[in-house]
1. Mind listing the phi-derived Karplus ³J(HN,Hα) values for segment 56-63, rounded to whole Hz, using 6.51, -1.76 and 1.60 with θ = phi - 60°, and x for any glycine or proline?
2. Per residue of segment 94-105, what does 6.51 cos²θ - 1.76 cosθ + 1.60 with θ = phi - 60° give for ³J(HN,Hα)? Whole Hz please, x for Gly and Pro, Karplus curve as stated.
3. If I compute solvent accessible area with a 1.4 Å probe over the protein chains, what percent of it on segment 39-102 is carbon and sulfur?
4. Counting alpha carbon pairs within less than 8 Å and at least 6 residues apart, what relative contact order, in whole percent, applies to segment 65-108?
5. If packing is taken as the average count of other Cβ atoms within 10 Å, what order do 61-70, 90-99 fall into, highest mean first?
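The values are calculated or read from the model by the stated rules, or taken from the named source; none is laboratory data. Model, not experiment: these values are computed from the prediction. Reconstructed Cβ throughout: ideal geometry from the backbone, glycine too, with neighbour counts over all protein chains shown. These area figures cover heavy atoms from the full protein model, side chains too; ligands, DNA and RNA do not enter into them. Shrake-Rupley method; radii C 1.70, N 1.55, O 1.52, S 1.80 Å.
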Amino acid sequence: MTTKHRLITDSFKVVKKARKGGKREKRSPSPPPQKENESKSVREEELQQLQQFDLDWRFGPCTGISRLQRWERAKLHGLNPPEEIRELLLQTQNDPEYNQSLWREYPL
């Protein structure tokens, strides 16, 4: 016994809509959305650099001390931490988000 396979188009009529105005014009791609605040993106980049510094174990553990203390300890032991991290930390000494490590909120 053979079964005939039916297509969905057998039950429903295919209707093609006519295009209004003929051919469509190609649109130029929209520009990428602008950042609301340029300084916010700079801040995000700087915090990302500091997080990468926190995650780099070549400079020793970072729990329980500030980022600047960790940088100075790494320099003292000859581990050559990035100088731009030190400069960034010195510029933003009063901001705890910059000074404290990624794991500042976790208990020791």
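1. 8, 6, 5, 9, x, x, 10, 7
2. Values per residue, Gly and Pro as x: 8, 9, x, 5, 7, 7, 8, 6, 4, 9, 5, 8 Hz.
3. Numbers: 1930 of 4020 Å².
Here carbon and sulfur together make up 48 percent of the probe-accessible area.
4. Answer for segment 65-108 is 47 percent.
5. 61-70, 90-99
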